[in-house]
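**Student:** Right, I'll just put the structure down here and ask away after.
The values are calculated or read from the model by the stated rules, or taken from the named source; none is laboratory data. Everything numeric here is computed off the predicted structure, so don't read it as measured data. As a convention, Cβ positions derive from the backbone with ideal geometry for all residues, glycine included, and neighbour counts pool all protein chains shown. The accessibility values were calculated without ligands, DNA or RNA, using every heavy atom of the protein model including side chains. Shrake-Rupley method; radii C 1.70, N 1.55, O 1.52, S 1.80 Å.
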Amino acid sequence: MPRCLRLLVEYDGSGFAGWAVQPGLRTVEGTLSEALSRLLREEVRLSVAGRTDAGVHASGQVASLQTQSTLPTERILRALAGMLPGDVGVRAVDDAPQGFDARRDAVARRYEYRVLVAPAPSPLRRGRVLWQPGPLDRDALDAAAALVTGQHDFRAFTPTRTEHVFFHRTVTDCRWEARGDELVLALEADAFLRHMVRVLVGTMLLVGRGVWPPSRLGTILMGAPRGAAGPTAPAHPLTLVGVRYPPSGDGPTPGL
């Protein structure tokens, strides 16, 4: 009888063309599947909680797979540590209940987007933050974040040409947090559209700079077209930090 394995995955997205396998491109899914297939000696098909885009990082990604292998989880974890490249790693492996699916069973995903608000950039953080040299109106940012919470039509926050047919998403938490000289957008939702977080950041930064009033965001969230929202912020400051499952699914992963 096959086993179901659950993996907690971390990666630096800088060198990957996103999570999903793409012909001729280096992807997280392709790299991890290849290592697992060699280790377990069978073809591996992964299900993943969040299909991150090119350049996006993860500290709390969750993947699952079915396998006939009887290798102990501790041995799988140790073996993967020696097989995977330095920019992707599996931090935990455990046996999940039969039928568990990392994508289907997730009830929330959480992302963080880091903005460095400083007169000069930080070379050591250039791959992790968006540098914002001018001041931002924190009250305006907080007002904009409050408008995002709840269920809305997010079609303005994803590319016009898209495979999505349903654009409503429920955001359970959206807030800006001050962490030293950084402002971090923490955002949790049941699911995300492609580029959704990055367009929200680009739009809210226009509000924070005083270009738009916060109320404009509320209007855009009522199903406005893509052109009504702000620009798509860069991918490199964005990290998937956690995935939440129902209480019966062993609780949240780190970051939730």
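**Student:** Which residues, counting only those in segment 55-74, are closer than 17 Å to residue 240 by Cα, part of a strand (DSSP E or B) and not hydroxyl-bearing (Ser, Thr, Tyr)?
**Tutor:** 57, 58, 60, 61, 62, 63
**Student:** Would you pick out the residues in segment 87-125 that are free of Cβ contacts under 8 Å to residues at least 60 places away in the same chain and either over 28 Å from residue 2 (Cβ atoms) or open to solvent by 40 Å² or more (accessible area, probe 1.4 Å) (or both)?
**Tutor:** Of everything in segment 87-125, those that are free of Cβ contacts under 8 Å to residues at least 60 places away in the same chain and either over 28 Å from residue 2 (Cβ atoms) or open to solvent by 40 Å² or more (accessible area, probe 1.4 Å) (or both) turn out to be 103, 104, 119, 120, 121, 122, 123, 124, 125.
**Student:** Also, I was wondering about something else. Please give the number of the condition residue 175 fails out of (1) touching a helix residue (DSSP H, G or I) at 6+ places or on another chain (Cβ under 7 Å); (2) not in a strand (DSSP E or B); (3) not hydrophobic (A, V, I, L, M, F, W, C).
**Tutor:** Exception for residue 175: condition (2).
**Student:** For segment 20-45, what are the residues that are in contact (Cβ under 8 Å) with a residue 40 or more places away in the chain and within 21 Å of residue 60 (Cβ to Cβ)?
**Tutor:** Once the filter is applied, which keeps residues that are in contact (Cβ under 8 Å) with a residue 40 or more places away in the chain and within 21 Å of residue 60 (Cβ to Cβ), segment 20-45 yields 28, 31, 32, 35, 36.
**Student:** Any chance segment 131-152 includes a residue that's touching a Phe, Trp or Tyr at 6+ places or on another chain (Cβ under 8 Å), surrounded by 13 or more Cβ atoms within 10 Å (Cβ to Cβ) and assigned to a strand (DSSP E or B)?
**Tutor:** no
**Student:** I'm checking my understanding of the structure. Among residues of segment 21-48 that are in contact with a Leu (Cβ under 8 Å, 6 or more places away or on another chain) and in a loop (DSSP other than H, G, I, E, B), which one is nearest to residue 234 (Cα to Cα)?
**Tutor:** If we take residues in segment 21-48 being in contact with a Leu (Cβ under 8 Å, 6 or more places away or on another chain) and in a loop (DSSP other than H, G, I, E, B), then 46 is nearest to residue 234 (Cα to Cα).
**Student:** Return the residues of segment 80-125 that are in contact with a strand residue (DSSP E or B) (Cβ under 6 Å, 6 or more places away or on another chain), aliphatic (A, V, I, L, M) and not in a helix (DSSP H, G or I); say none if nothing qualifies.
**Tutor:** 88, 90, 92, 93, 96, 102, 106, 107, 108, 115, 116, 117
**Student:** Across segment 163-172, what is the number of residues that are at pLDDT below 95 and either part of a helix (DSSP H, G or I) or farther than 20 Å from residue 230 by Cβ (or both)?
**Tutor:** Total satisfying the criteria: 3.
**Student:** Report, by residue number, each residue of segment 193-230 that is open to solvent by 70 Å² or more (accessible area, probe 1.4 Å), closer than 18 Å to residue 117 by Cβ and in contact (Cβ under 8 Å) with a residue 12 or more places away in the chain.
**Tutor:** Across segment 193-230, the qualifying residue is only 209.
**Student:** For residue 18, are the conditions met, namely being in a loop (DSSP other than H, G, I, E, B), within 24 Å of residue 186 (Cα to Cα) and open to solvent by less than 10 Å² (accessible area, probe 1.4 Å)?
**Tutor:** Yes, satisfied.
**Student:** Could you tell me whether residue 160 is of a type in the set (Ser, Thr, Tyr), open to solvent by 40 Å² or more (accessible area, probe 1.4 Å) and assigned to a strand (DSSP E or B)?
**Tutor:** no
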